[in-house]
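Colleague: The structure that follows is given in the form of structure tokens.
The values are calculated or read from the model by the stated rules, or taken from the named source; none is laboratory data. As the structure is a computational prediction, the values presented were derived from the model and not from experiment. Note that each Cβ is placed from the backbone with ideal geometry, even for glycine, and that neighbours are counted across all protein chains shown.
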């Protein structure tokens, strides 16, 4: 592979154009190829947008075949926060020209409360390696959980005591027309279609 910097990592934010940065949009427009998931294709409307179905295999093949082109790889949220960008850093770090930051779903969620998040701890269940047993509910008063393998109902059915211990904010499909964001009253109030969800748990006596 030619040793030059020809890869840009572009954060798509929460997935809607309202929260896509100008820098991300402008950088994407200058790429020869733009790679990412199907849900970002309309966001950028790039003539050479390639939808990655098998992320790892297809990404390797395309990069190895196009070292003479400017390649933009679109990642969700912010590249620095529980992102696929970490895999790209490990595989292609020396070929990365620039990383464009974006807005994460948790930033939007805290803005809706509204409240700061500097005292929160974060967990992601997007990886199959993660489990509820890895989350420390006892020691932390403010917890953010990015849901992936689990739905909000799955998590709360497995840990029903959390509703008594915490005020729980549920955010699903934030920034989209079917957005849901609310303070949970009971498990049945969680929408059945709750992809792209997160939870903010704030211990009830926590000030």
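Colleague: Can you spot a residue in region 69-90 that is farther than 30 Å from residue 202 by Cα, part of a loop (DSSP other than H, G, I, E, B), modelled with pLDDT under 90 and not assigned by TED's automatic domain parsing to the domain that holds residue 148?
Modeller: Checked region 69-90: no residue is farther than 30 Å from residue 202 by Cα, part of a loop (DSSP other than H, G, I, E, B), modelled with pLDDT under 90 and not assigned by TED's automatic domain parsing to the domain that holds residue 148.
Colleague: Kindly evaluate residue 50 against the criterion of being modelled with pLDDT of 90 or more, assigned by TED's automatic domain parsing to the domain that holds residue 179, more than 17 Å from the chain's Cα centre (by Cα) and surrounded by 12 or more Cβ atoms within 10 Å (Cβ to Cβ). Full working, then the answer.
Modeller: Details: modelled with pLDDT of 90 or more: yes; assigned by TED's automatic domain parsing to the domain that holds residue 179: no; more than 17 Å from the chain's Cα centre (by Cα): yes; surrounded by 12 or more Cβ atoms within 10 Å (Cβ to Cβ): yes.
No: the conditions fail for residue 50.
Colleague: Separate question: Quick check on residue 97: is it within 30 Å of residue 69 (Cβ to Cβ), without any contact (Cβ under 8 Å) to a residue 12 or more places away in the chain and over 15 Å from the mean Cα position of the chain (by Cα)?
Modeller: The answer is no for residue 97.
Colleague: Tell me yes or no: at least one residue of region 192-199 is modelled with pLDDT under 90, on the phi > 0 side of the Ramachandran plot and assigned by TED's automatic domain parsing to the domain that holds residue 131.
Modeller: Yes, region 192-199 contains at least one residue that is modelled with pLDDT under 90, on the phi > 0 side of the Ramachandran plot and assigned by TED's automatic domain parsing to the domain that holds residue 131.
Colleague: State all residues of region 116-136 that are surrounded by fewer than 17 Cβ atoms within 10 Å (Cβ to Cβ), farther than 23 Å from residue 75 by Cα, at pLDDT below 95 and touching a strand residue (DSSP E or B) at 6+ places or on another chain (Cβ under 8 Å); if no residue qualifies, say none.
Modeller: Across region 116-136, the qualifying residues are 134, 136.
Colleague: List pairs: first in region 148-171 and assigned by TED's automatic domain parsing to the domain that holds residue 199, second surrounded by 16 or more Cβ atoms within 10 Å (Cβ to Cβ) and part of a helix (DSSP H, G or I), Cβ under 6 Å, 6+ apart or cross-chain?
Modeller: Cβ pairs passing all conditions: 170/152; 171/109.
Colleague: Evaluate region 132-139: report whether one residue or more is touching a residue at least 12 places away in the same chain (Cβ under 8 Å) and on the phi > 0 side of the Ramachandran plot. If you could, list the steps in order and put the result at the bottom.
Modeller: Within region 132-139, the subset touching a residue at least 12 places away in the same chain (Cβ under 8 Å) is 132, 135-137.
Those still in the list that are on the phi > 0 side of the Ramachandran plot too: none.
No - not one qualifying residue is present in region 132-139.
Colleague: Hey, residue 43 hits all of (1) touching a residue at least 12 places away in the same chain (Cβ under 8 Å); (2) more than 24 Å from residue 145 (Cα to Cα); (3) out of contact with any strand residue (DSSP E or B) (no Cβ under 9 Å at 6 or more places or on another chain) but one; which does it fall short on?
Modeller: (3)
Colleague: So is residue 187 in contact (Cβ under 8 Å) with a residue 12 or more places away in the chain, loosely packed, with under 15 Cβ neighbours inside 10 Å and touching a helix residue (DSSP H, G or I) at 6+ places or on another chain (Cβ under 9 Å) or not?
Modeller: So residue 187 passes the test.
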